[in-house]
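The values are calculated or read from the model by the stated rules, or taken from the named source; none is laboratory data. These numbers come from a predicted model, not from an experiment. Quick reminder, even Gly has a Cβ in these numbers, built from the backbone with ideal geometry, and neighbours come from all protein chains shown. Calculation scope for accessible area: heavy atoms of the full protein, side chains included, ligands and nucleic acids excluded. Shrake-Rupley method; radii C 1.70, N 1.55, O 1.52, S 1.80 Å.
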Amino acid sequence: MSYWLEVSVTTDGEAAEAVAEALRPLAYNEGVVLEQLGDADNLDPSALEPEVTVKIFLPREEDTPAARQRIEEIIYYLGRLYPIPEPTFRRVEEQDWAHAWKAHYQPFRVGRRIWIQPSWVTVEQAETAAGTAGEDHMITLTLDPGMAFGTGLHPTTQMCLQALEQLVRPGDHVLDVGTGSGILAIAAARMGAERVVGVDTDPEAVKAATENALLNDVAVAMEVRAGGLERVPENGWQIVVVNILAPVIISMLRDGPLMAYVARQGRLVLSGIIDQQLEGVEAALVDAGAEVIDRLLVRDWVAVIAGWAGDGSER
């Protein structure tokens, strides 16, 4: 009897990307399903943190005790870093899971008007799922599940997207440091930014971001460069977004020219900060001549919106 083995792990958005990336090499065609539960029509920001179920599928011939043990070991070691439940295994009777698994993946919302969808879902289908068909304010980002470098599930990425929703104005120039999948740069371009540059030191991330820019039809406005800030000679960006790690951010503020890239009335968005690290980041901002304008919080993660001290501007 033919069947497919469904492997599922239910966790939160913080761990879902790590689980998806760890299981992706074992999945058929490296396809990963991300099912986000909760009320997708609820626009309250508190509705952004439902559970996420990560699923992969293996054909019958790959359903072996060794394969199941390997999956259990992967989740076990991830669980030592962050609480993650054990995987569950279920046989699924389906003739063509090579394509049918995609039907289980649904677009999900971030912020108030950003919807993230896989490449096989049309904009019209995403609008229907969002309940916004015919409305021109929705911003749809196309990112396939299971890819590396950021899919919008992690709280640090979601807070950056919410900050960009607040800040981006048509015609802005936006710099995305550590662009990863390019999700933040793409979002800025879709929000009306005239010029967006993303930089990343990982060649695979540069490749992914470049491909995603083409996939989202923003390649004209968005440029991806391999490297760090040394690859960006331009200053005076209206928005600079850095979603990395707090120690790296502190180093860029203290030892590097990060604030020099921000226009006098521009904004710097910092994420990847655990609440215990916030004091150190804010101290580095003050030493660099900046001040905190706003903070976004999701559990123990913090994102900071900063600007030059005393610029007196609002965005």
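From the Cα gyration tensor of region 161-248, with a ≥ b ≥ c the square roots of its eigenvalues, which class applies: rounded if a/c is under 1.5, or else prolate if a/b is larger than b/c, or else oblate?
Values: a/c = 1.44, a/b = 1.14, b/c = 1.26.
Rounded, because the longest to shortest axis ratio a/c is under 1.5.
In whole Hz and in residue order, list the ³J(HN,Hα) couplings for region 69-85 that follow from phi through the Karplus curve 6.51 cos²θ - 1.76 cosθ + 1.60, θ = phi - 60°; x for Gly and Pro.
5, 4, 5, 4, 5, 4, 5, 4, 5, 5, x, 6, 9, 7, x, 9, x
May I ask you to give the solvent-accessible area per residue for region 51-96, in square angstrom, as obtained with a 1.4 angstrom probe? Working shown, then result.
Values: 3220 Å² over 46 residues.
I get 70 Å² per residue for this part.
State in Å² the accessible area per residue of region 262-315; use a 1.4 Å probe, count heavy atoms of protein chains only, and round to the nearest integer. Don't skip to the end; give the middle numbers.
On the way: 2500 Å² over 54 residues.
The answer is 46 Å² per residue.
Please list, in chain and number order, the residues 5+ apart from residue 108 or on another chain whose amide H is under 5 Å from its amide H, with Hs placed from the backbone.
Residues meeting the amide H criterion: 116.
Could you order the peptides 235-248, 289-302, 211-224 from most to least packed, using the average number of other C-beta atoms within 10 Å per residue? Working shown, then result.
On the way: 235-248: 19.9, 289-302: 16.4, 211-224: 18.4.
The densest-packed peptide leads the list: 235-248, 211-224, 289-302.
Of the heavy-atom accessible surface of region 223-315 (probe 1.4 angstrom), what whole percent is carbon and sulfur?
Details: 2170 of 4240 Å².
Carbon and sulfur together cover 51 percent of it.
Over region 166-211, with every protein chain in place, what whole percent of the accessible area is carbon and sulfur at 1.4 Å, could you tell me?
Numbers: 750 of 1560 Å².
Ligands and nucleic acids excluded, carbon and sulfur give 48 percent.
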